[in-house]
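This report concerns only the one structure given below.
The values are calculated or read from the model by the stated rules, or taken from the named source; none is laboratory data. Quick caveat, the model's predicted, so the values are computed rather than measured. Please note: Cβ atoms are built from the backbone with ideal geometry, for glycine as well, and neighbour counts cover all protein chains shown. Areas reflect the complete protein model, heavy atoms only, side chains present, ligands, DNA and RNA absent. Shrake-Rupley method; radii C 1.70, N 1.55, O 1.52, S 1.80 Å.
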Amino acid sequence: MQRPVVLFIATTLDGYIARENGEINWLYEVAGDGDNGYSEFYETIDTVLMGNKTYEHTFELADQFPYPDKKCYVFSRSKHDPNPHVTFVTEDVPRFVEKMKEEEGSKIWIVGGAEILDVLLKGRLVDEFIISIMPTILGKGIPLFKKDNPELKLFLRESKRFGQIVQHHYVVNNEYQS
């Protein structure tokens, strides 16, 4: 059985994951409940995937690397100084993730960003979507989903409410893909 690739992310009601400049300060203005299911989800994964912009943004948000106990892969076209918590990947994203899905392990988390998600969606490599919808409308920003993705039929596994946040957990229904 293949390891599932999971998107766990927050979005505005109008579908943006960040402002046009990449800021996510609107996330902290919403009354949630506890950590809004993050800890429970975090225990189900052993691998983290992210793009270079998301990686660099983590250091603006936290003093320390937030995923030291997980395997972390950062897709980048540029050189980086070595980091004991991260493996930088320059190879083809879909091919790399396809190989990773075949390895032993738990779920693989797509932390971000929109570019990595877009490549994985177009390669039909995302198996689950856990999307927390914030009661915010930005009007413009970085959209969660880009254009021209394949049609995917999803099955709603669960919906939860965390204060003012609603979280939907969908799995891809491979029986009905076009």
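For the stretch 115-136, does any single residue satisfy the condition of being of a type in the set (S, T, N, Q) and within 14 Å of the chain's Cα centre (by Cα)?
Yes: the stretch 115-136 contains one or more residues that are of a type in the set (S, T, N, Q) and within 14 Å of the chain's Cα centre (by Cα).
Name the residues in the stretch 119-128 that are open to solvent by 20 Å² or more (accessible area, probe 1.4 Å) and among the acidic types (Asp, Glu), would you?
Within the stretch 119-128, Asp127 is the sole residue that qualifies.
Condition (residue is part of a loop (DSSP other than H, G, I, E, B), at positive phi and either open to solvent by 30 Å² or more (accessible area, probe 1.4 Å) or in contact with an Asp or Glu (Cβ under 9 Å, 6 or more places away or on another chain) (or both)) applied to the stretch 134-146: is it met by at least one residue?
The answer is yes; a qualifying residue exists.
Please go through (1) buried (at least 18 other Cβ atoms within 10 Å of the Cβ); (2) within 29 Å of Glu102 (Cα to Cα); (3) out of contact with any Ser or Thr (no Cβ under 8 Å at 6 or more places or on another chain) for Cys72 and return the number of the only condition it doesn't satisfy.
Single failed check for Cys72: (3).
Would you confirm, using the coordinates I've provided, whether Leu49 is touching a residue at least 40 places away in the same chain (Cβ under 8 Å) and closer than 20 Å to Gln167 by Cβ?
no
Please find, within the stretch 75-103, the residue that is most open to solvent (accessible area, probe 1.4 Å) out of those that are in contact (Cβ under 8 Å) with a residue 12 or more places away in the chain, charged (D, E, K, R) and part of a loop (DSSP other than H, G, I, E, B).
Checking each candidate, the answer is Arg77.
Would you please name the residue that is most open to solvent (accessible area, probe 1.4 Å), looking only at residues in the stretch 1-33 that are over 27 Å from Lys107 (Cα atoms) and among the hydrophobic types (A, V, I, L, M, F, W, C)?
Ala31
Just one of the numbered conditions (1) modelled with pLDDT of 95 or more; (2) part of a loop (DSSP other than H, G, I, E, B); (3) open to solvent by 30 Å² or more (accessible area, probe 1.4 Å) is not true of Asp46; which one?
Unmet condition: (2).
Which one of these is small (Gly, Ala, Ser) and without any contact (Cβ under 8 Å) to a residue 12 or more places away in the chain: Ser132, Ser159, Ser106?
Just one listed residue meets the conditions, Ser159.
Among the candidates Glu60, Glu29, Glu20, which residue alone is of a type outside the set (Gly, Ala, Ser) and without any contact (Cβ under 8 Å) to a residue 24 or more places away in the chain?
Matching residue, one of Glu60, Glu29, Glu20: Glu60.
If the requirement is being part of a helix (DSSP H, G or I), surrounded by 17 or more Cβ atoms within 10 Å (Cβ to Cβ) and hydrophobic (A, V, I, L, M, F, W, C), which of these qualifies: Ile110, Ile116, Ile131?
It is Ile116.
Evaluate the following for Glu40: is it in contact (Cβ under 8 Å) with a residue 24 or more places away in the chain, of a type in the set (Asp, Glu) and open to solvent by 40 Å² or more (accessible area, probe 1.4 Å)?
Taking the combined requirement at face value, the residue does not satisfy it.
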